[in-house]
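Engineer: Below you will find the structure I want to go over with you.
Rule-based calculations on the coordinates, nothing more; no lab input. What you are looking at is a predicted structure, and each value in this text was computed from that prediction instead of being measured. For neighbour counting, all protein chains shown are included, and Cβ atoms are generated from backbone atoms with ideal geometry for every residue, glycine included.
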Amino acid sequence: MSENTEPTAGTRRERTATQGAVLGAFGGAGVVEGELMGEALKTEHRPPVIPQNRQSFRKWFADKGWRHIVAWLAIIFALFPLLYILSASLNPIGTLTGSNQLFSSISTTNYERLFNDPAVPYGAWYINTLIIATVTSVATVFLCALGAYAFSRMRFRGRRFGLATLLVLQMFPQLLAITAIFLLMIQISDVFPAIGLGTHAGLIMIYLGGALGVNIFLMYGFFNTIPPALDEAAKIDGAGHARVFFTIMLPLVTPILIVVGLLTFIGTIGEFAIASVILTDPNQQTVAIGLFQLVSGFQSQNWGIFSAGAILAALPVMVIFLFSQKYIAGGLVSGSVK
Amino acid sequence: MATADQGTVNEGSAKQSTTAAPANRWGDDPLFKPKKRLTSGGLLALLVKVILLGIIDAVAILAVYILVGKGDWIAAGVLVIVVALVNFVYLRPGLLPGKYLTPGLFFLAIFQIFVIVYTAFIAFTNAGDAHNSTKEDAIAQIISTSQDRVPDSPSYTVQVLKQGDQFGLLVAEPGGDLSFGTNEQPLEEVNGPPDGWDELNLNQIIRFQDEVLAVNVPISDDINDGTLRTSDGQNAFVFTSSLEYDESADTFTDAETGVVYVDDGEGNFRAENGETLTPGWRVFIGLDNFASVFTNEQIRDPLLRVTIWTFVFAALSTLVCFAFGLFLAIVLNHPTLRGKKVYRILVILPYAFPAYLTGLVWAGMLNQEFGYINEVLLNGASIPWLADPWLARFSVIFVNMWLGYGYMFLVCTGALQSLPDDIVEAGKVDGASAWRIFRSIKMPLLFVAVAPLLIATFAYNFNNFGVIYMLTRGNPRFTDTTLDIGATDIMITMVYKVAFGGGGGRDLGLASALSILIFIIVTVVAIVSFRQTKALEDIN
């Protein structure tokens, strides 16, 4: 188990081990999250090292004590911006200067303004973001799984070429083609306004195009670790390819589906550049664009309401992330190495 | 779309059962018993497939109809070919990989591959705010924006009508006849208000003030005749353009000054004194965008600095994140350190914090006058963290470190823990000190493990739009260029700002040319990366 709870990364040889571990952990039961957090927060069952005298204190310090000091310094460095923004979100004064007295007063004024101020349609932004991110991640997972299945389990002409193309394509961020995407969407608007500029559907289609290269490759690697004997057996029993895909493969590759889904979800929530070009109506926009605009003009005046919005936007992402960080880290590793 | 593919995939299996597919392994299997698959599920799947394909085809036919109506034959032709291919893939037995790959390939081909080609295409045009449409649109727009009220022209009594978000004018002509028109449709005689259009009352006229002011109804089909406009929603006047368009000569003549504007072949009507009319229209300008990148010193010099900074930023960010992450990983990688796991969770919290918010939060904290860092931590200092070019560059890297070291920490922790024990043991047996073991055994092994990740991180930071744009938006601006480019801009933010930024006019053509340059640089990085990881040879 201790093997499992450590984020594993690294060599080619190990990647399969990581994936195996991920598979095992997820296949086990639905208690992974509790297990992870429990394991992480559990204090270790070792006799506490209590310095008996100066000599052994010095020894303890040279061995471990300084590590605690470094760790606490790192934690202060890591946490203070987060605590600062939390404090600012609770501060009723709501300006930059007013936010500098950490936790001096606590109220929910800023949070209430978020949902009551008609100039700040935060609720709409939040829902838009959730819709776009959910649809994008579900569709990405499904389309990538289809592609990875074909690449992993079928042999056809152009297969190697296809894989190599995907590998090369994923090096080029979609953002580079932002001007072309913009003009293309204008042209699509002329024919089908429903999926053109300013629509969620249009934005989701763009995201799908950008996500497929990387993620098909990530999934392909994982599909390859599932022994072909399993689906061969099902085929011998008379299952067609679709049945093998839906009832044998998909359950076996659930971990990578979750990793790709979560990564896409988090990535889509944070995407700013393309969304800001495509979504022009304030009520259609996402949290990222809305919060950016809140502080791009009147940073100081809107600081409190921005902080509240940032906390609400960050919380779900951080919770998802921390509960699944080792799987995500594992997925990142296998993705970027491959 | 996704459900469509699901249905068709289901069906693929039923088809498969009746015909051996040459292109895949299913049909070759001698133990494969097709008969078992001929169930009602197959019929249902067939039904779903036919319905979904039918919907796709119907939508496609509609789209082709609209495209042909617009005269866009190329797009219509491409669409017909694509839809025909989709039908072929899903209706023909076999072609199993095609059935699985088509849905993904569809989006990939349009929004990843096609847009790259299209970017290259735009790089050879003058597309941008000043040249965003066709010549006909430009002519109409020039006429409509250069209009003045005809002196002593009569006033017409009008009503403003509204349908959806469209506005029109119902005009009572002096003779008593009624006529109606909108911005797109010139005045036509009518007997009464047309169906479906509602009259605006006074309240609504005030509410929709901007829209009412924008109503601009052509009097006849000839745009030189002028248009009707109303400023109060009740009385309208005839406005005509001081610029007259001569269709046969393809020139504009200013009625007052007599200046003639001629099509200059570069997407503008230009007078002899060099003055141009706005807007222009989109034309091919060949290599001009690339030429100006390399010769126009307003662009060339800042671009050079931006390019160098992009490399420095990507390299330093990667290095700093890695160094700090590795350091923490080593510190916390002690077998009996108490609270190690709590430390680890807390230390990676910045990595879990959404990246786009990180920049915004730090921008507030680093604010020169009111920010927490200056006001509280530095006791009221006034350090221009984001306003001085070098301090801003430092701040960007610092904030990116806060954001990114968590990932390196995770990766290095994993790599350290997976180092084989026996080699370390062998070192100990040979009498090596702890430092020696670390330097000569652990570090080399660790580097082998994380080198590909460092390259990937470099590539990621090379186009790390979020941190830069959210923290500084590329500012502080360079003083020696009119373009909106600044000291912390990396190439990708520069492209974004040139294409969609505020001041300086949006120039999509130039932005595309810059994109193409980045593509070339990324390609070089990619080649290095593939050499390093040998990933391409690995494909099997």
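Engineer: Give me the one-decimal nm value for the distance between modelled label points at residue B:166 and residue B:327, 7 Å along each residue's Cα-to-Cβ direction.
Structural biologist: Label at residue B:166, label at residue B:327, 6.7 nm between them.
Engineer: Tell me the Rg and the Dmax, in Å, that the Cα atoms of the range B:296-538 produce.
Structural biologist: When restricted to Cα atoms, the range B:296-538 yields Rg and Dmax of 21.1, 70 Å.
Engineer: Then there is this: Under 12 Å from a point placed 7 Å out from the Cα of residue A:283 along the Cα-to-Cβ direction: which residues of the range A:98-131 have their backbone N that close?
Structural biologist: A:121, A:124-125, by backbone N distance to the label point.
Engineer: To continue, here is another question. I'd like the distance separating the alpha-carbon centroids of the range A:68-87 and the range B:346-419, in whole Å.
Structural biologist: Cα centres, the range A:68-87 to the range B:346-419: 11 Å.
Engineer: Compute the acute angle (0 to 90°) between the alpha-carbon long axis of helix B:389-417 and the principal axis of greatest extent of the alpha-carbon atoms of chain B; round to the nearest 10°.
Structural biologist: In chain B, helix B:389-417 runs at an angle near 50 degrees to the longest axis.
Engineer: Taking all pairs of distinct Cα atoms, average 1/r, flip it, and tell me the Kirkwood hydrodynamic radius of the range B:347-441 in Å to one decimal place.
Structural biologist: Averaging 1/r across every pair of different Cα atoms and inverting gives 16.4 Å.
Engineer: OK, next. So what are the ³J(HN,Hα) numbers for the range B:473-489, from phi and the Karplus equation (6.51, -1.76, 1.60; θ = phi - 60°), rounded to whole Hz, Gly and Pro as x?
Structural biologist: 6, x, 6, x, 5, 5, 8, 9, 9, 7, 5, 7, 10, x, 5, 9, 5
Engineer: If you don't mind, another one. I'd like the Karplus ³J(HN,Hα) series for the range A:309-320: coefficients 6.51, -1.76, 1.60, θ = phi - 60°, whole numbers in Hz, and an x wherever there's a Gly or Pro.
Structural biologist: x, 5, 4, 5, 6, 7, 3, x, 4, 5, 5, 4
Engineer: Can you work out D for chain B in µm² s⁻¹ from Stokes-Einstein, where Rh is the Kirkwood radius over C-alpha pairs, the temperature is 4 °C and the viscosity is 1.567 mPa s? All intermediate terms of the calculation are to be shown ahead of the outcome.
Structural biologist: Details: Rh = 30.3 Å.
In µm²/s, the coefficient rounds to 43.
Engineer: If you take every residue apart from residue B:200 with its C-beta less than 15 Å away from the C-beta of residue B:200, what net charge results, scoring Lys and Arg +1 and Asp and Glu -1?
Structural biologist: -4
Engineer: Here's something else I'd like to know. Rounded to the nearest 0.05, what FRET efficiency is calculated for residue A:229 and residue A:63 with R0 set to 56 Å and r the Cβ-Cβ distance? Intermediate results must be reported in sequence, preceding the final value.
Structural biologist: Details: r = 49 Å, r/R0 = 0.88.
The calculated FRET efficiency here is 0.70.
Engineer: Among A:223, B:269, which comes first, then next, by fewest other beta-carbon atoms within 10 Å?
Structural biologist: Taking fewest neighbouring Cβ atoms as first place, the list is A:223, B:269.
Engineer: Further question: Can you pull the three principal axis extents for the Cα set of the range B:349-394, in Å, largest first?
Structural biologist: The Cα atoms of the range B:349-394 stretch 31, 23, 12 Å along their principal axes.
Engineer: Work out the mean other chain Cβ neighbour count within 10 Å for the residues of A:215-221 and drop it here as an integer.
Structural biologist: 1
Engineer: A further question follows. For helix B:96-108, report the angle its Cα long axis makes with the longest principal axis of the Cα atoms of chain B; keep it between 0 and 90° and round to the nearest 10°.
Structural biologist: The two axes meet at around 60 degrees.
Engineer: Order these by the 10 Å Cβ neighbour count, fewest first: A:205, A:318.
Structural biologist: A:318, A:205
Engineer: Highest mean first, how do B:442-451, A:163-172 rank when packing is the count of other Cβ atoms within 10 Å averaged over residues?
Structural biologist: A:163-172, B:442-451
Engineer: Given the peptides B:518-527, B:407-416, A:252-261, arrange them by the average over their residues of other C-beta atoms within 10 Å, most packed first.
Structural biologist: Descending packing order for the listed peptides: B:407-416, A:252-261, B:518-527.
Engineer: Using the Karplus curve 6.51 cos²θ - 1.76 cosθ + 1.60 with θ = phi - 60°, what ³J(HN,Hα) values do you get for each residue of the range A:64-70, in whole Hz, with x for Gly and Pro?
Structural biologist: So the Karplus estimates, Gly and Pro as x, are 10, x, 4, 5, 5, 4, 4 Hz.
Engineer: Shifting gears a bit: If you take the Cα atoms of the protein assembly as shown, find Rg, then find the Kirkwood Rh from the mean of 1/r over all pairs, what is Rg/Rh?
Structural biologist: On the Cα set of the protein assembly as shown, Rg over Rh gives 1.02.
Engineer: Which of the pairs A:59/B:340; A:59/B:341; A:59/B:442; B:70/B:497; B:49/B:70; A:64/B:341 have their Cα atoms more than 21 Å apart in this structure?
Structural biologist: Exceeds cut-off: A:59/B:341; A:59/B:442; B:70/B:497; B:49/B:70.
Engineer: Under 19 Å Cα-Cα from residue B:99, which aspartates and glutamates qualify once same-chain neighbours fewer than 8 residues away are excluded?
Structural biologist: Partners found: A:231, B:5, B:11, B:28, B:57.
Engineer: Amide H neighbours of residue A:197 under 5 Å, at least 5 residues apart or on other chains, H built in the peptide plane: list them.
Structural biologist: Excluding prolines and chain starts, which carry no amide H, the hits are A:189.
Engineer: Another question, then. Which value in deg cm²/dmol, rounded to the nearest 500, describes the helix-derived mean residue ellipticity at 222 nm for chain B, given -39,500 (n - 2.57) per DSSP H run of n ≥ 4 and division by the residue count?
Structural biologist: Calculated mean residue ellipticity at 222 nm is -17000 deg cm²/dmol.
Engineer: Under 8 Å for C-alpha pairs, at least 6 residues apart: give me the relative contact order for the range B:147-241, rounded to a whole percent. Write down the numbers at each step before the final one.
Structural biologist: Details: 193 pairs, mean separation 31.2, N = 95.
Computed over the range B:147-241, the figure is 33 percent.
Engineer: Then there is this: Mean shadow of the range B:147-241, computed from the convex hull of its alpha carbons, in nm²?
Structural biologist: Working: hull surface 23.3 nm².
Result: a mean projected hull area of 5.8 nm².
Engineer: Given bins 5 angstrom wide, list per bin the percent of all Cα-Cα distances in the range A:121-297, short to long.
Structural biologist: Reading upward from the zero bin: 1, 8, 15, 17, 16, 14, 11, 8, 5, 3, 1, 0, 0, 0.
Engineer: Ignore the peptide's own chain and count Cβ atoms of other chains within 10 Å of each Cβ in A:293-306; give me the average, rounded.
Structural biologist: That works out to 2 on average.
Engineer: With a 10 Å Cβ neighbour count serving as the proxy for reagent exposure, in which order, fewest first, do A:160, A:113 appear?
Structural biologist: In increasing order of surrounding Cβ atoms, one gets A:160, A:113.
Engineer: In Å³ and rounded to a whole number, note down the convex hull volume per residue for the Cα atoms of the range A:129-204.
Structural biologist: 125 Å³
Engineer: Please report the spacing between the Cα centers of the range B:56-133 and the range A:211-243 in Å, no decimals.
Structural biologist: So the two Cα centres are separated by 29 Å.
Engineer: Return a whole-number percent for the relative contact order of chain B, with Cα pairs under 8 Å and 6 or more residues apart as the contact set.
Structural biologist: Result for chain B is 13 percent.
Engineer: Specify the angular offset, from 0 to 90 degrees and rounded to the nearest 10, of the alpha carbon long axis of helix B:443-462 from the longest principal axis of the alpha carbons in chain B.
Structural biologist: Here the helix axis deviates by roughly 10 degrees.
Engineer: Another question about this same structure. What average number of partner chain Cβ atoms lie no more than 10 Å from the Cβ of the residues making up B:430-436?
Structural biologist: Numbers: counts 0, 0, 0, 0, 0, 0, 0.
For peptide B:430-436, the averaged partner shielding equals 0.
Engineer: Right, here's the next one. Give me the Debye-computed log₁₀ of I(q)/I(0) at q = 0.09 Å⁻¹ for the range B:150-305, equal point scatterers on Cα only, no solvent, two decimals.
Structural biologist: -0.47
Engineer: How high is the relative contact order of the range B:454-499? Use alpha-carbon pairs under 8 Å, at least six apart in sequence, and give a whole percent. Let's see the in-between values first.
Structural biologist: Details: 47 pairs, mean separation 15.9, N = 46.
Dividing the mean separation by the residue count of the range B:454-499 yields 34 percent.
Engineer: Calculate the FRET efficiency for residue B:387 and residue B:338 from the Cβ-Cβ distance with a Förster distance of 30 Å, rounded to the nearest 0.05. Could you put the intermediate results ahead of the total?
Structural biologist: On the way: r = 44 Å, r/R0 = 1.48.
It comes to 0.10.
Engineer: Right, here's the next one. How far apart, in nm, are two points set 7 Å out from the Cα along the Cα-to-Cβ line at residue B:211 and at residue B:304?
Structural biologist: That separation, rounded to one decimal, is 5.3 nm.
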